[in-house]
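Each remark here refers to the structure printed beneath this line.
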Amino acid sequence: MVGKPTGLAYPVIAQPDRNVVSWLDAAKRLRNYQSITFALELCGSVGDGDRQTGMFEIVENRTERAELWTSPIVREWFYELLLLGISIGNQTVDLPCWKFNTNNTIVDSGTTSLMLPTEVFSVVVKLLNSSIMQQQRLSVSDDFLLMQKMLCWNQPLDWTVFPSISLSLAHSDNLYFVLDLPPESYIKKVSDNLDVSNNLEKSGAQNCYRFCVEPSETGTVLGVVVMEGYRVVFNQSSKTVGFAKSVCGPAVGLSGPFETKDVQSCAGRAPVPSVSALTVAAYVIAALLSVYGVLVGYILCHWLWETYIKQKWLQSMSETNVMSSD
């Protein structure tokens, strides 16, 4: 049984304290600083609890027991990958691919949910809502999808109402593969022992669930709900993160390779800061005050020259001329 594994990324994220030694770096020291490849298999929580079951393994040189699809690490801090596309059932999220990687896309076992940039999240929720409404078998409030509020039913959830979420990850410059997440991956049953009164009154219902896709201001995070059901292999030597089907966890899918073009065009771009009307007004006022300050300074200097300095200078010159005449 494992909690959320942490301390497994690169040393740079220990900043600003460079004296912090991650768990992985400590393990490297014991192995004479040889590069370490490790695998995580997260199988899901125990019952309705929050603790994960799974396996952590230091991978020696051996053949993987299942087909492993790798995605190159584009930046060595967290494990940053390139997300090329998202589909909800048979509907594609119609946005430029770089928006999926706004700021970055990372794999992080210390994060529970699938975190998406706000614009991407809004489209995903819209497509999910559309798919659920077409089924006409279940009423789902906006609070459940948009506000991460829990919803409770008397009967266990009918998973067939919800579509799968598919994530396309870069494999090479012109190939990608797809992780297919069933609804059991991104909708989680909440423990009966958890106090839900602050989120939603249970009203006697015994089956409460939480939507584990959330908006993010800092980029895309492929958290635990994405990793469950896969054997995820982190290889710092080859600079790749690999995915294979696990023997435990949700019934996820893995398919590929598929051809694509210009993978690098999907690299994330830092969002351009928005300039509000108040900000523009502040800059205009600052400029006017600067001009006003220059004018006041000029007038003050001119007044001092005419009133004091020039008079004293003329008086001094006059006295000098009188003394010369004598």
Residue selected from segment 124-148 under the condition out of contact with any Lys or Arg (no Cβ under 8 Å at 6 or more places or on another chain) and in a loop (DSSP other than H, G, I, E, B), by the criterion nearest to Val226 (Cα to Cα)
Met147
Considering only residues of segment 64-73 that are surrounded by 19 or more Cβ atoms within 10 Å (Cβ to Cβ) and closer than 15 Å to Gly268 by Cβ, which is farthest from the chain's Cα centre (by Cα)?
Ser71
Filtered residues of segment 74-126 (kept if among the aromatic types (Phe, Trp, Tyr) and surrounded by fewer than 23 Cβ atoms within 10 Å (Cβ to Cβ))
Trp77, Phe78, Trp98, Phe121
Ser191: passes all of (1) at pLDDT 95 or above; (2) touching a Gly at 6+ places or on another chain (Cβ under 7 Å) but (1)
Condition (residue is surrounded by 19 or more Cβ atoms within 10 Å (Cβ to Cβ), within 21 Å of Ser87 (Cα to Cα) and touching a Lys or Arg at 6+ places or on another chain (Cβ under 8 Å)) applied to segment 151-171: is it met by at least one residue?
no
Would you mind telling me which numbered condition in (1) buried (at least 18 other Cβ atoms within 10 Å of the Cβ); (2) touching a Cys at 6+ places or on another chain (Cβ under 9 Å) Gly242 fails?
(2)
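Of Met323, Met317, which residue is part of a helix (DSSP H, G or I) and modelled with pLDDT under 60?
Exactly one of Met323, Met317 is part of a helix (DSSP H, G or I) and modelled with pLDDT under 60, namely Met323.
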For segment 1-46, enumerate the residues that are at pLDDT 60 or above, closer than 20 Å to Lys188 by Cβ and in a loop (DSSP other than H, G, I, E, B).
Val46
Within segment 165-184, can you find the residues that are among the polar types (S, T, N, Q) and in a strand (DSSP E or B)?
Ser166, Ser168
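The values are calculated or read from the model by the stated rules, or taken from the named source; none is laboratory data. What you see is a predicted model, and the numbers here were worked out from it, not measured in a lab. We place every Cβ from the backbone using ideal geometry, glycine too, and count neighbours over all the protein chains shown.
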